[in-house]
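One structure below.
The numbers here are math on the coordinates, done by the rules we state, and not lab data. Computed from a prediction, not measured in an experiment: that's the story for all the values here. Note that we place each Cβ from the backbone using ideal geometry, even for glycine, and neighbour counts take in every protein chain shown.
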Amino acid sequence: MLDDLQLIRKQDRDGMLAILNRFDKQIEEALEIGLGAFSAEKIPPVENVLVCGLGGSASGGDFLQAYLGNSLRVPFLVNRGYSIPSFASPSTLVFVCSYSGNTEEIISAFQEAREAGCQVICSTSGGQLKELASQNRCPCIQLPEGYPPRTALGYSSIPLLGVLSRLGVISDRSEEVRLAIPWVRSCIDRYSEHIPSQDNPAKNLALQAHRKIPIFYGSQSRLEMVAIRWRTQFSENAKQLAYSGVLSEMNHNEIAGWRHPAAHFQHLLPVFLRDCDDHPRIQLRAEITAKMLKKESGACFECWSEGESWLQRLLALMLLGDYASIYLAFLNQEDPTTVEVIESLKLRLKDHISG
């Protein structure tokens, strides 16, 4: 069914694939948003960076943390929750990120950051957060409206790069981002719905994961965030349980759990995310661990990053997981866009507060 374009269009009622198919354009637009967001001249020296976000709005921070890695000159933390760390101070740069602008945890984090005297920069498409930014005269990165937050990774990450560069926290990455755009386009062309299953890595991954519970393993500080992204995308888009782990941490605990209940291991699919620049010992651990888990589950899958630069390889893996999660939604006969259970939970929380 993944090669039946008419059936795909019927299943993809809100055009999730159309959004993903123009992700290269989103990066271009996001780069311009970051370059023209606001002047950073009045912000004092930054000693640490906090990115506050949940769900898709936190993915941008995760992505930057993996991409920038050891090149970061100050501590960088992605914060998911109502409160901010006690170390936050006037020398802390806080990106308060909520695509909708109405995420209750982020509204709370905004208030705490203001009370702590932090340098607060908002990133949103509107809602309550935009109003709060205006009322408190906080700089605000204005994002385009109308996207499911999980599809707006370019908007949630690339503009922050421009701000960090102007503040001297990182070197200018705009040219590297521009050079990655043609590679992103080529990946889209490989993963799009027009490419048949036998030649499409994303469709193949979806077929492998169908009727299984995938467990995505990535390397510490590098592909760990991709594993998390794949887990969340498979859950939201495909409405299917998925889990993630990290090497080498899982070698010190989780691997011991692959004994019971052995009768159900056939329903699990270990998926190892690999990159050529992972630590040599991590490479070895991945190879040995994959063989051990394949023996238990009967199947194992490897996905290697592709591209010349680290940014290209990171983006390629992100796209592969995004496309696979949408194709898996079709196999599960689900609409990848709608998330009724999340909206229902939000309404119940709102009713509880108001009552």
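Here are a few things to note about the model shown:
- Prolate/oblate/rounded call for region 1-142, Cα gyration tensor, a/c under 1.5 rounded: prolate
- Its Cα centre serving as origin, the chain has a Cβ charge dipole (Lys and Arg +1, Asp and Glu -1) of approximately 540 debye.
- Based on C-alpha pairs under 8 angstrom that are at least 6 apart in sequence, the chain has a relative contact order of 19 percent.
- Judged by the mean number of other Cβ atoms found within 10 Å, the most tightly packed of the peptides 322-331, 292-301, 44-53 leads the ranking 322-331, 44-53, 292-301.
- Phe272 long-range amide H proximity, modeled H, under 5 Å: Tyr217, Phe301, Glu302, Cys303
- Taken one residue at a time, the phi angles of region 328-342 give Karplus couplings (6.51, -1.76, 1.60, θ = phi - 60°) of 5, 4, 5, 5, 7, 6, 10, 7, x, 7, 6, 9, 4, 5, 5 Hz. Gly and Pro are set to x.
- Backbone phi angles across region 195-201, fed through the Karplus curve with coefficients 6.51, -1.76 and 1.60 (θ = phi - 60°), yield HN-Hα couplings of 8, x, 4, 5, 10, 10, x Hz in residue order; Gly and Pro are listed as x.
- Summarising the amide proton neighbourhood of Gln240: residues at separation of 5 or more, or on other chains, whose placed amide H is nearer than 5 Å comprise Ser235.
- Diffusion of the chain by Stokes-Einstein, at 4 °C in a medium of 1.567 mPa s and with Rh set to the Kirkwood radius over alpha-carbon pairs, works out to 61 µm²/s.
- Translational D in µm²/s for region 196-331 (Stokes-Einstein at 10 °C, 1.306 mPa s, Kirkwood Rh from C-alpha pairs): 107
- Considering only alpha-carbon pairs that sit under 8 angstrom and 6 or more positions apart, the relative contact order computed for region 268-344 is 27 percent.
- Helix-only arithmetic for the chain: the sum of -39500 (n - 2.57) across DSSP H runs with n ≥ 4, divided by the residue total, places the mean residue ellipticity at 222 nm at -15000 deg cm²/dmol.
- Remark: relative contact order (region 22-176) = 32 percent; criterion is Cα-Cα distance under 8 angstrom and separation of 6 or more residues.
- Rounded to the nearest Hz, the phi-derived 3J(HN,Hα) couplings of region 125-133 under the Karplus curve 6.51 cos²θ - 1.76 cosθ + 1.60 (θ = phi - 60°) are 9, x, x, 5, 5, 4, 5, 5, 4, where x marks glycine and proline.
- Ordering of 111-118, 255-262 by packing is 111-118, 255-262, highest average first (other Cβ atoms within 10 Å, averaged per residue).
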